[in-house]
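The values are calculated or read from the model by the stated rules, or taken from the named source; none is laboratory data. The shown structure was predicted, so the numbers you read here are calculated from the model rather than taken from an experiment. Because the Cβ atoms are built from the backbone with ideal geometry, glycine has one as well, and the counts that use them run over all protein chains shown. Surface accessibility is based on the protein's heavy atoms, side chains included, excluding ligands, DNA and RNA. Shrake-Rupley method; radii C 1.70, N 1.55, O 1.52, S 1.80 Å.
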Amino acid sequence: MKHWLIVATGLLAVIAGACSAPPGNPPAANCALRLATTTSTADSGLLAFILPDFEKKFSCKVDVIAVGTGQAIEIGTKGDADVLLVHARAQEDKFVADGHAKERFDVMYNDFILLGPQDDPAKVKGSARAADAFKTIAATQSAFASRGDKSGTNTKELSIWATATITPTKEMAWYNSLGQGMGETLLTSNEKGAYTLADRGTYLSMKDKLPNLIVVVGGTSIQDNKDKDLLNPYGVMAVNPDKHLGVKFEMATKFVQWILSKETQERIGGFGKDKYGQPLFYPNA
Amino acid sequence: MDEIFRGFLHALRFIFSADPALVEIVWLSMRVTGVALFISTLIGVPVGAALGLTRRRARGLIAALLYTGMGLPPVVVGLFVYLMLSRSGPLGMLDWLFTPSAMIAAQIIIAFPLVAGLTMTAVQGVDANLPLQVRALGANRAQEIWTILREARIGVIAAIVAAFGGIVSEVGAVMLVGGNIEGKTRVLTTAIVLNTRTGDFDLAIALGIILLGLAFAANAALLQLQKRGGD
Amino acid sequence: MAELVYRIRGLKKEYADRVVVDIEQLDIHTGEFLVIVGPSGAGKSTLLRLLNFLEPPTSGEIYFQDQLLGASSPLLEWRRRVTTVFQRPILLRARVRENIVLGLSFRDERADDRIEKILARVGLSAFAQQPAHKLSGGELQRVALARALVINPSVLLLDEPTANLDPYNVGMIEEIVREHNRAQRTTVVLVTHNIFQARRLGTRVGLMLGGRLIEVNATNAFFNSASDPRTAAFVRGEMIY
């Protein structure tokens, strides 16, 4: 009669038992460094390419939390990460100024590009400056997709609008603030035939899934990009341990030194060359 | 249409190859959801039963709170847990943020009101005269409550199933408090988000199929229990 | 035979200022078959709940087997010597046999031979493994009766157990109860508004009106030479209620 009861209790017991003993996990190194970074470094595969070297050298696992730059900086501000690798210069400088990090270092850069639909309804292909293209897009009211998520890309996009002396608002029907990551925004633009600002690395890694999009400003490589305003520098910062207890400053400092080292910089410069015919990131430490 | 079909085929191949990374993600999902469900049931069923057996007037406020909790957006729960567990939050010393423990905590908060609230409803649905009859047959207080719970078991199982479905497919809260760290806090739902973001739809579909399969298997198993308990 | 199961003095039960039971004096003898008749709302069911110790009285004295009910009484133990079959059988969603076992399981008792015997007596042996909720109304009440008798109670309280049942089931239930009353010396208190049933079964019959016990008398006297005019009116069917 207590059939179902026995089965139910058994089931729960199995679940509970299973939980206490996770199988197959590698003997977790006691050391774990928490890196808050942007989706572009993780999703492009760069981190998976370079991090194993660090983990081996210092026998310390790196836990990557890939979010928008805005959220990554917020995580650092709360002391919930040990080291940041982000790309929004103004916010990074403020982070240092507020004392959340002692110093910021250049790590690498790539560039942003303006993408648009094949038929280029605003006729902006070949514009020298993104700001000019933005003006035309606004004037022709062509569809534009914005990340709208306070990421580094979103920050850059807004600064270009500012240069173009236009303030996008939600009343503008052609301006779509998606509140999404780079990947989703690219896919949406591809489907909707919208213009959008993207980092070249993510675009290259997803190019085969974006048949309806072409580069309208920025050319085929960073050397081809005439608008120096579109440069996209990445910085690294070790979170200040004086502000938050538990931050692993020593290991974070080692990480900073490691990523700035000649060897790692060379690896960064080599990443993606064979696959995309050009590097996705250019080291500049 | 072609893409969906191709994705589906890829997905099946991927599943049957039992890719170690995939196994790890599935295992972590089951672990996190399993522990969260176990604890929610352990607390939620007695609380729900106690409330269901209480007179209406005394129950009012707590019942209202429970029903509100059932409708709470998981992301809000995630944000709350995040702020609590942050190193600058009140529970920062636990160092749970971006670990499975944080995800379990968030899922418990989501699942508990579901288990307790639906258990309460199930217990209230039992014949109002049953307690009297059971006591007339010589039950002590514990035996009385146990008998009523047993009588409400179909509803109680439904409560647990609903909670399972609610948390195994939840993404917002676990993404926020877990951080989607590969090999550590990456579960089925956050992996699906990641692979959708990077355009790896085949992988996303494969994970989706597995999630669906797990949910179906769990529901089928519990419904089987319910059927057996029903006669 | 003079031994008393219940000795009741000045018993009152009130719900929010409404007096539901107000009994000056009532003695219930071991092994007797007492029937309480009266209109709906007379307080009969409340009296049974008091006798089963399911509710405490507001005031007054109940002696159960010579012990006075009070704050320190072993209520659970007393309750386990008494049981009630209600008008509407409330069974668990489980097999017939599991329902019959319920009272025994509360007492951690096993009595397989008694279960088989009682199942056979109520004519449900073939249904032992059937889900209880698939039975008919009369069968359900027989399960409820078997569930009560299998624990061998000292006192069996019956609250309109055969209202709404067909003559076959009424006859069967009456027969089994009478049998148990005689063979086991089980004290029975039956509440009914069917005066014919009262005459058939009772060794004594009492009339309740508005919470008060108007008259308790040997069955013959109750029906043929009532001392209270209201009893006579009730028996003749002249009381409108």
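Points to keep in mind about this one:
- Entries in A:Lys273/B:Lys184; A:Lys170/A:Lys209; A:Lys125/A:Lys170; A:Lys207/A:Lys273 that, when Cα-Cα distance is taken, lie over 18 Å: A:Lys273/B:Lys184; A:Lys170/A:Lys209; A:Lys125/A:Lys170
- Among B:Ala152, C:Gly211, B:Phe38 - extreme Cα towards positive end, dipole of the protein assembly as shown, charges at beta-carbon: C:Gly211
- Counted over the range B:21-111 with a bin width of 5 Å, the fraction of Cα pairs per bin, in whole percents, is 3, 13, 17, 19, 19, 14, 9, 4, 2, 1, 0.
- The share of accessible area on the range C:53-113 that comes from carbon and sulfur is 45 percent, using a 1.4 angstrom probe.
- Among C:Ile28, C:Ala94, C:Ile8 the positive-end extreme of the charge dipole of chain C (Cβ point charges): C:Ala94
- Dimensions (Å) - the range C:72-139, Cα atoms, principal axes, largest first: 44, 27, 20
- Here the 3J(HN,Hα) profile of the range C:145-159, calculated from phi with Karplus coefficients 6.51, -1.76 and 1.60 at θ = phi - 60°, is 5, 4, 4, 6, 6, 5, 8, 6, x, 6, 10, 10, 9, 10, 10 Hz, Gly and Pro shown as x.
- Solvent-accessible area, 1.4 Å probe, carbon plus sulfur percent, for chain B: 71
- Helix axis angle, C:112-121 relative to chain C longest principal axis, alpha carbon, degrees: 70
- Peptide packing for C:171-177, B:144-150 was compared via the average number of neighbouring C-beta atoms within 10 Å per residue; ordered from the highest value, the list is B:144-150, C:171-177.
- A simple charge model with +1 on the Cβ of Lys and Arg, -1 on the Cβ of Asp and Glu and nothing else charged puts the dipole of the range C:33-119 at about 380 debye relative to its Cα centre.
- Buried on assembly, the range B:197-222 (at least 50 Å² less accessible surface than by itself, 1.4 Å probe): B:Arg197, B:Thr198
- Top of C:Pro39, C:Pro167, C:Pro153 by mean-square fluctuation, Gaussian network on chain C, Cα under 10 Å: C:Pro167
- When +1 charges are put on Lys and Arg Cβ atoms and -1 charges on Asp and Glu Cβ atoms, the dipole computed for the protein assembly as shown relative to its Cα centre reaches about 1440 debye.
- Residue among C:Ser72, C:Ser59, C:Ser227 with the largest mean-square fluctuation in a Gaussian network model of chain C, springs linking Cα atoms under 10 Å: C:Ser72
- Here the range A:214-285 and the range C:142-180 have alpha carbon centers that stand 87 Å from each other.
- Distances between placed amide hydrogens fall under 5 Å for C:Val21 paired with C:Lys13, all partners being 5 or more residues away or on another chain.
- Exercise: per-residue mean of other protein chain Cβ atoms within 10 Å, B:126-136: 6
- Per-peptide average of other Cβ atoms within 10 Å, ordering B:88-99, C:14-25 highest first: B:88-99, C:14-25
- Selected from A:Ile259, B:Thr198, C:Gly43, residue furthest toward positive end of dipole (the protein assembly as shown; charges at beta carbon): C:Gly43
- Spin-label proximity, C:Ser59 to the range C:21-42 - amide N less than 16 Å from point 7 Å beyond Cα toward beta carbon: C:21-25
- The phi torsions of the range A:86-102, fed into the Karplus equation with coefficients 6.51, -1.76 and 1.60 and a -60° offset, translate into couplings of 9, 9, 7, 3, 4, 5, 5, 5, 5, 4, 5, 4, 6, x, 6, 9, 7 Hz, rounded to whole numbers, with Gly and Pro shown as x.
- Buried on assembly, the range C:99-120 (at least 30 Å² less accessible surface than by itself, 1.4 Å probe): C:Leu102, C:Phe106
- Computed from label points 7 Å out along Cα-Cβ, the spacing between B:Leu94 and A:Asp132 is 5.7 nm.
- Label zone at B:Phe216 (point 7 Å along Cα-to-Cβ), backbone N below 14 Å, the range B:2-24: B:12
- Counting only aspartates and glutamates at least 8 places from A:Lys226 when in the same chain, those with an alpha carbon closer than 16 Å to its own are A:Asp111, A:Asp132, A:Asp199.
- The C-alpha atoms of chain A define a longest principal axis, and helix A:3-20 lies at about 70 degrees to it.
- Interface size B-A, as summed buried accessible area [1.4 Å probe, Å², nearest 100]: 3300
- On association of chains C and B, roughly 2100 Å² of accessible area becomes buried (total for both chains; probe 1.4 Å).
- Note that the range C:163-175 has calculated 3J(HN,Hα) couplings of 4, 6, 9, 7, x, 4, 5, 4, x, 5, 5, 4, 4 Hz, one per residue in order, obtained from phi through the Karplus relation 6.51 cos²θ - 1.76 cosθ + 1.60 (θ = phi - 60°); glycine and proline are x.
- Accessible carbon and sulfur surface of chain A relative to its total accessible area, %, 1.4 Å: 56
- Averaged per residue, the range A:151-278 has 46 square angstrom of accessible surface, using a 1.4 angstrom probe with ligands and nucleic acids left out.
- Kirkwood Rh (inverse of mean 1/r, distinct Cα pairs), the protein assembly as shown, angstrom: 31.9
- Solvent exposure of the range C:24-98 amounts to 40 Å² per residue of accessible area, where only protein heavy atoms count and the probe is 1.4 Å.
- Applying a threshold of 31 Å to the alpha-carbon distances of A:Lys192/A:Lys275; A:Lys57/A:Lys228; C:Lys12/C:Lys134; A:Lys156/A:Lys243; A:Lys56/A:Lys78; C:Lys13/C:Lys134 flags A:Lys57/A:Lys228; C:Lys12/C:Lys134; C:Lys13/C:Lys134 as lying beyond it.
- Only helices reaching 24 angstrom along their own axis (Cα) with mean Kyte-Doolittle hydropathy no lower than 0.5 count here, and for the DSSP H runs of chain B these are B:20-53, B:100-124, B:201-230.
- Taken about its Cα centre, the range B:1-154 carries a charge dipole of about 700 debye when Lys and Arg each add +1 at the Cβ and Asp and Glu each add -1 at the Cβ.
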